[in-house]
Each structure stands twice: as structure tokens, then as C-alpha cells.
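One structure below.
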Amino acid sequence: MPARERILFISNRLVNPHAGTEGQLLQLIKHLPRDQFEPRLLVLQRSELTDSGNISCKVDVLGHSKLLDPRTWISFWRYARKAASNGVGLAHIYFHDASIFGPPLLRAVGIRSVISRRDMGYWYNRSYLRALRVTGKFADRVVVNSQAVGEVTCREERIPAGRIKVIYNGYESNEHSSMTAATDISEIKNNGLGPIVILVANYRPLKRIEDAIRALSLVVKKGGRAQLVIIGNGDWEPLRELARDLEVAQRVHFPGARDDVKECLKHGYIGVLCSESEGYSNSIVEYMQASLPTIVSDVGGNREAVMEGQTGYRYPMGDIDAFAKHILTLLNDPCLAKQMGTAGKELADQRHNLQKMIGSHADLYFSVLDR
């Protein structure tokens, strides 16, 4: 039997297995074919998740993570030398800090590297870009999860387009989730206040979740019957207060972070996202997997994810009137909503098949190792 390729995955810190990037990394590690690859994970900082023993490969902790701390660079250099001596030929780096010191140090010990970019670079600043433009030259390939992210990476980090590979996020089938599991969401659905508009996002200013509450208020004022369910982590009190001010408090629900999102989505009617920046949203894919029509802000990877007029609608970011108009259109035309939901499900099954994502990464790894 041929020797398996030893692949090192590197991440700053893993906290939430259900979060977008972290979830994709863990799925990749879990499903990478073991007859071809032997994965190992290095995290810069330990967490409850990495200490849990629930990650499907061996996990090492560097213990240092600050870019300006010499101990981070020295510790990583020592680790990389040991990894190379143990037969690691390729490292795949997730998140930003590790992609600064990782590629040059890995190249120095003979390990090739792949780095990932999964957002529109909202975190870029002058110092970061200067460093990334230098250290990025040592990375063999860059994986992005949308064409939009690839364009930003090429332009801002000055990575040649030929070194950038688009691999869409992959997800397991949603078909076996149960509508009876999320009983609290079922009760909301049947409370007589109208269909559920559902939004899955953690509370961050970037997500502009207040726009969804304002749009709901406008929908109700125009005679529409609907309610909003917001699933995610955060301090929701400011948004509760906004809902009270707009007199829609009884129609806005905050069930918090969930590990049964797929079950919750089965009770939804429309999936929405209001962000001012998105690389390629996991939430949108989950909406489509659940056969929900989607309404999203017209930014970044949302333009790729949602086919205008086919799987949903895009509206100018911050335009509450346009947002509300699309909600009313779907509320008033259930046949159109179902048609869009079906088209979205077909797109998700084709584009975001988990095995397709795993296979694309495997092919990329072999192509880098064969260079």
C-alpha cells in the first residue's frame, strides 16, 4: 500500500464547530480520505474544543500566537522542522495570523503551503497588507470560497490569479433533519402571527441585523403578516429594544445559538441576510439546503450565492424599502417562494456537495505535492 501523504492543518484557535470557517476545516479533516492522507492539526492556542478529544485527528498546541512575540516565530520554526523530519510535505493554513509567519518558515524547512481566504478582507489594514504581500509569495496556492473573495485576494494581497483556486464550501445533506426536533420554533410558526423569516448570524455590527427588524416593521405596516427568528450568539438586548420601539417585539424572536439550525430552518418560509460584507455565507447555503427562498444584501459573495429572481432576491445593502418589498412579494406569492426554494435546493446540492469539496481539496494537495 502506498504511503499516505502527511498533511498539517494550521489554525489560530478553534472554538465553535458550527461556525463557518471552523466547521469547514473540521469537515475537511474528518472526511479527507485516510487511505491517501494522514492529517494532523496544529492550533496556536488551545480551547475547550481542541482539548475535548472530539477532533478526528491528532491535535498539537503551539502555545504562542502573537505576531510580534518572538516566541511565536521560534516555537513555530521548531515545530515546522520537526514536522518536516516526520514526513509532512504540505501544510494548509486557515485564518490570518498563521498565514503571515507560516509560509516563509515552512518553505525554509521544505514544507509546501496552501493558505485560505474566506471573506472580503474587512480586517485588512496597512500593516497587515504589507506583511501579507511579502509572506504570501512563499505560499504555493491560495484557496478561496468564492470568486468574489478571489478577486479581493488577488487585488489587495497581490496574489497572481493563477495561484488562486476557488473551492466552494461543502455540506452534508440536510434531508434527514427532523421538523419535530425544534419544538420551540414550531410553536412560533403556529402562533398565528404569520410565516417565519429566519436569519442565522452572530451579533456583530457587520451583519446589520437591525435592518431585518426594520424591514419586518415596514412589512407589517404595509399589511404583511410575518415574524422574524434570529439564531446566533450575542447580546441581543439592543435589538430587543429596537423591536419594542418599532412595535414588533412580539414578532421578533431570539432563540440564541443553536446546534439544531437545520431543524429550525425546516420551519422557515424565507431566509435572509443583511450583511455589509460577506465572502460566501454558510447561512445562505443552509437556507438553500432547506429549500428556502433567500433575500440578501447585494455584497461580496452574496452575488454569487443567490441567483437573482431564480433562487431569491438581492437588494442594495441598507435599502430597507427594497428589502421589505421583496419580503412582501414572497409572502403574497407562495408558489413563487416554493419555486425559488426548489431552485435553491438544486443549486446547493450541485455546488456545495460535501464530497465534491473534499475531492477538490485532495486534487489540489496532490497537484502542489507533485510540483
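The values are calculated or read from the model by the stated rules, or taken from the named source; none is laboratory data. Since this is a predicted model, take the numbers as computed values, not measurements. Here the Cβ is made from the backbone with ideal geometry for all residues, glycine too, and neighbour counts use every protein chain on show. Each accessible area value is taken on the protein alone, full model and side chains, heavy atoms only, with ligands, DNA and RNA left out. Shrake-Rupley method; radii C 1.70, N 1.55, O 1.52, S 1.80 Å.
Protein heavy-atom surface of region 69-114, 1.4 angstrom probe: 53% of the accessible area is carbon and sulfur, with nucleic acids and ligands not counted.
Using the average count of surrounding beta-carbon atoms within 10 Å as a protection proxy, the listed peptides 92-104, 269-281, 122-134 rank, highest first, as 269-281, 92-104, 122-134. Heavy atoms of the protein chains alone define the surface here; on that basis region 302-371 has 48 Å² accessible area per residue at 1.4 Å probe size. Within the full protein context, the accessible area of Ser360 is estimated at about 30 Å² for a probe radius of 1.4 Å. Note on Thr342: accessible area approximately 60 square angstrom, rounded to 10, probe 1.4 Å, nucleic acids and ligands left out. Within the shell of other residues whose beta carbon sits under 9 angstrom from the beta carbon of Phe37, the net charge comes to 0, with Lys and Arg scored +1 and Asp and Glu -1.
In the structure displayed, which of Lys189/Lys222; Lys222/Lys338; Lys207/Lys262; Lys58/Lys207 lie more than 30 Å apart, Cα to Cα? Violating the 30 Å Cα-Cα cut-off are Lys58/Lys207. Here region 273-349 has 48 percent of its accessible surface on carbon and sulfur atoms, given a 1.4 Å probe and all protein chains in place. The modelled label-to-label distance between Leu193 and Asp319, using points 7 Å beyond Cα along the C-beta direction, is 2.9 nm.
Multiplying the residue separation of Arg46 and Asp260 by 0.36 nm and subtracting their alpha-carbon distance yields 74.5 nm. A cut-off under 14 angstrom between Cβ atoms defines the neighbours of Glu241, and their net charge, with Lys, Arg +1 and Asp, Glu -1, is -2. With a cut-off of 10 Å between beta carbons, the residues surrounding Ser56 carry a summed charge of +3, where Lys and Arg count +1 and Asp and Glu -1. Computing FRET efficiency as 1/(1 + (r/R0)^6) for Asn16 and Lys222, where r is the C-beta to C-beta distance and R0 is 35 Å, gives about 0.40. Sequentially through region 61-77, phi angles give Karplus couplings (6.51, -1.76, 1.60; θ = phi - 60°) of 10, 6, x, 9, 9, 6, 4, 8, 8, x, 5, 5, 5, 5, 4, 5, 4 Hz, Gly and Pro residues having no value and appearing as x.
Peptide packing for 166-172, 58-64 was compared via the average number of neighbouring C-beta atoms within 10 Å per residue; ordered from the highest value, the list is 166-172, 58-64.
Heavy-atom accessible surface of region 60-218, averaged per residue, reaches 46 Å², computed with a 1.4 Å probe.
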